[in-house]
Amino acid sequence: MKTVAATTLALMGSAAAFQPFTTRSSSTVSKAATVEELPGVIAPTGFWDPLGLAAKADDATLKRYREAEITHGRVAMLATVGFLVGEKVEGSSFLWDASIKGPAIDHFFQVPHEFWSFLVVIIGGIEIRRAQRAFVPPEEVPVGQAGLMRESYTPGDLGWDPLSIAPEDPLEL
């Protein structure tokens with residue numbers, strides 16, 4: 001039963017990728033931009049929204065979706081790198097006196113609890129800074145618009161570019 005449900009969902013998702021999409025204007029990057037002109041829209045797929053979330057979203061919601069997409073993508077990339085590094089450095093003496101052993105999937109439970117406490121504090125600080133930079137303070141948000149993002153904020157722009165590789169023009173970002 002689970003296999004049939006999974007197969008059905010997979011086929012529905014892949015079929016939805018080929019449905020035509022409607023264009024709508026969005027002020028996420030600039031007032032004249034459309035969702036097809038947002039950063040990340042590339043050939044050959046073009047604007048890919050198989051669930052039609054952009055068609056149902058207003059400009060503010062679409063901007064929040066973009067922020068969530070970028071944030072979760074970054075977390076996934078870091079997790080992937082961490083997993084691969086964990087496989088490569090197994091038993092190395094520079095991490096916790098080589099006490100971490102076995103496949104990377106088991107490393108999570110072997111790392112000392114102090115590390116996770118430190119990591120939670122660091123990630124919490126980064127998230128608070130991001131929220132203060134990206135979102136309108138709650139006392140200034142109109143009723144019914146929870147999670148309103150600042151008009152001047154570009155999704156994904158944390159203001160941290162140590163290698164100076166980010167373009168200056170928001171349209172190129």
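Tabulated data
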read-out	value
³J(HN,Hα), Karplus 6.51/-1.76/1.60, whole Hz, each residue of region 42-49, x for Gly, Pro	10, 6, x, 7, x, 6, 10, 9
Ranked by how many other beta carbons lie within 10 Å on average, peptides 58-67, 114-123, 45-54 from highest	58-67, 45-54, 114-123
Distance (nanometres) between label positions extended 7 Å along Cα→Cβ at residue 129 and residue 99	3.0
For region 112-124, 3J(HN,Hα) per residue [Karplus equation, 6.51 cos²θ - 1.76 cosθ + 1.60, θ = phi - 60°, Hz, x = Gly/Pro]	x, 4, 4, 4, 5, 4, 4, 5, 4, 5, 5, 5, x
Shape box of region 65-163 [Cα atoms, principal axes, largest first, Å]	53, 25, 25
Gain on full stretching of the segment that runs from residue 120 to residue 166 - 0.36 nm per residue minus C-alpha separation	13.8 nm
5 angstrom amide H check on residue 149, placed H, neighbours 5+ away	136
Neighbour net charge for residue 159 - beta-carbon separation under 15 angstrom, K R +1, D E -1	0
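All of the numbers you see were taken from the coordinates with simple rules; none came from a lab. Here the structure is a predicted model, which means the values were calculated and not measured. Methodologically, a virtual Cβ is constructed for each residue, glycine included, from the backbone with ideal geometry; neighbour enumeration extends over all protein chains shown.
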